[in-house]
Structures are given as C-alpha cells and as structure tokens.
Amino acid sequence: MTENSNCACDGARMRPRPRRVFPAAHRSWLAIGLSGLPALAFAQASPFMTGATALQANILAWLTPIAIILVMVLGAMAMANRMSWGWCIAAILGIAIAFGAPQIVTWVRGMFGV
C-alpha cells in the first residue's frame, strides 16, 4: 500500500485529512501586517548615512556665519580696491560648492546611475 501525504491511514479505509484554513479575520490581519513590512525595511537607515547627515548639518551650521563674514570682507576689500578678483571668484565658487554639495552629489550619482 502506498502512503499518501494528503490522507490519514485508518486501517483499510483512507480518508482525507482536514485542511487548515485561516478564518477571514486572520487573513485580513495577516495582509495588514505584511503590507507594513516594506515600510519598515525602507525606514531603516544605515549608521553611516545617519552620521553623514549629522556631519553635513553640523558643517553647514558652522559654515553659514563664516561665509557671511567672508562675503562682507570680500565686499569691503573690493570697495577699497585691495584685492585680486581671482580671490573673489574662488571664494564664491567655494561657498557655492560647500552649500550645494548635496545637490552636486545627487547630480553625480544620477549621472552614473547609482
């Protein structure tokens, strides 16, 4: 006699095993619970990204007043005709790179498909 995994052997007579079915309430709770799993997976951030974001915010907080003072000094030196315009252009480019770094990184990552 061959064994059938779907039937329970009861002597000479084979009867099917009862199927276990989740009630409708259990199925709906299961669907609600499983639908929330992708959100939990995307909500987790790596420790590196958390630290990098905090460092970026801290650098920008320090750089803002320094950049304001630098622009004021550059303006005063330009009015007194005591500076090379190369310094002025370099300072403006440096400020633009420092404050535009997140957009620059996003742009470069988009170019390479990362």
Fewest first, what order do 99, 48 take by the number of other Cβ atoms within 10 Å? 48, 99
Can you compute the FRET efficiency between residue 32 and residue 106 using 1/(1 + (r/R0)^6), with r the Cβ-Cβ distance and R0 = 35 Å? Round to the nearest 0.05. 0.50
Å³ per residue enclosed by the Cα convex hull of the stretch 47-114: 83 Å³
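Taken together, the values in this text are just the output of simple stated rules run on the coordinates, not laboratory data. Worth saying up front: this structure is predicted, and the values here are computed from it rather than measured. Every residue, glycine as well, gets a Cβ built from its backbone with ideal geometry; the counts of neighbours run over all protein chains shown.
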